[in-house]
1. Can you pull out the residues in segment 158-175 that are in contact with a His (Cβ under 8 Å, 6 or more places away or on another chain) and hydrophobic (A, V, I, L, M, F, W, C)?
2. Within segment 98-107, is even one residue closer than 23 Å to Val167 by Cα, open to solvent by 10 Å² or more (accessible area, probe 1.4 Å), in contact with a helix residue (DSSP H, G or I) (Cβ under 8 Å, 6 or more places away or on another chain) and at pLDDT 95 or above?
3. Filtering segment 49-60 down to residues that are under 12 Å from Val7 (Cβ atoms) and hydrophobic (A, V, I, L, M, F, W, C), which residue is surrounded by the most Cβ atoms within 10 Å (Cβ to Cβ)?
4. Output the residue which, of all residues in segment 17-48 that are at pLDDT 90 or above and among the β-branched types (Val, Ile, Thr), is surrounded by the fewest Cβ atoms within 10 Å (Cβ to Cβ).
5. Name the residue that is nearest to Trp133 (Cα to Cα), counting only residues in segment 64-95 that are modelled with pLDDT of 95 or more, of a type outside the set (Gly, Ala, Ser) and part of a loop (DSSP other than H, G, I, E, B).
6. Of all residues being in contact (Cβ under 8 Å) with a residue 40 or more places away in the chain and among the hydrophobic types (A, V, I, L, M, F, W, C) in segment 155-175, which is least open to solvent (accessible area, probe 1.4 Å)? Just the residue, please.
7. Out of segment 43-64, which residues are among the hydrophobic types (A, V, I, L, M, F, W, C) and out of contact with any strand residue (DSSP E or B) (no Cβ under 6 Å at 6 or more places or on another chain)?
8. Hey, His147 hits all of (1) surrounded by 11 or more Cβ atoms within 10 Å (Cβ to Cβ); (2) at pLDDT 95 or above; (3) farther than 18 Å from Gly58 by Cα but one; which does it fall short on?
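The values are calculated or read from the model by the stated rules, or taken from the named source; none is laboratory data. Nothing here was measured: the structure is a model prediction, and the numbers come from that model. FYI the Cβ positions are ideal-geometry reconstructions off the backbone, even for glycines, and counts take in every protein chain you see. Quick note on the areas: whole protein, heavy atoms, side chains included, nothing else; ligands and nucleic acids left out. Shrake-Rupley method; radii C 1.70, N 1.55, O 1.52, S 1.80 Å.
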Amino acid sequence: MQVELDVQDLFSPSSSGEVIDFEYKYIPVARETWEDWFGCWLSSLQLDLPPAPGYEIGLRLTDDREIQSLNAEYRHQDQATDVLSFAALEVDFPENPEMQDEPLYLGDIVISVNTAQRQAQQQGHSLPTELAWLAAHGLLHLLGWDHPDEDQLMQMLQQQVKLLKLVSIDFDIEY
């Protein structure tokens, strides 16, 4: 499955633009790893996907300040959060013959590395594991998953655990 992933890691010196200074030693997840993870996850979620020759996703790794600003603007919650998703397909999937051969843009996922680091420390696992957890959560939101109640939250968390296991990351949560 073809996945075009635009990774913007504002903590990595190899990213374009301004690099944010991080208070911890930051070991970035390699672009190839992100691409492998998303490719594997999308392959396993094919029933949730519209047919397309490929898929395109934006992933931005940022800081608490930027995600707080986005959270205030789009969700009217003036506080930092761990992950935000901006789905491109809020309604039924479009059928446009002119775009049959183009990758389908699913949307953008924004993750606060600051919040992810704190959560990783609280949970006793690595930052890359927490980033994978949050990216999987964001991906499910792009595909229409939501958690307005406890039952749907549990279903979503269980799906995230399955997605992480597909990429050899063990993640235990209490159901």
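1. Hit for segment 158-175 is Phe171, nothing else.
2. No.
3. Out of the qualifying residues, it is Ile57.
4. Looking at residues that are at pLDDT 90 or above and among the β-branched types (Val, Ile, Thr), I get Thr33.
5. The qualifying residue nearest to Trp133 (Cα to Cα) is Asp82.
6. Selected residue: Leu163.
7. As a first pass, look at segment 43-64 and keep what is among the hydrophobic types (A, V, I, L, M, F, W, C): 45, 47, 49, 52, 57, 59, 61.
Leu45, Leu47, Leu49, listed by residue number.
8. (2)
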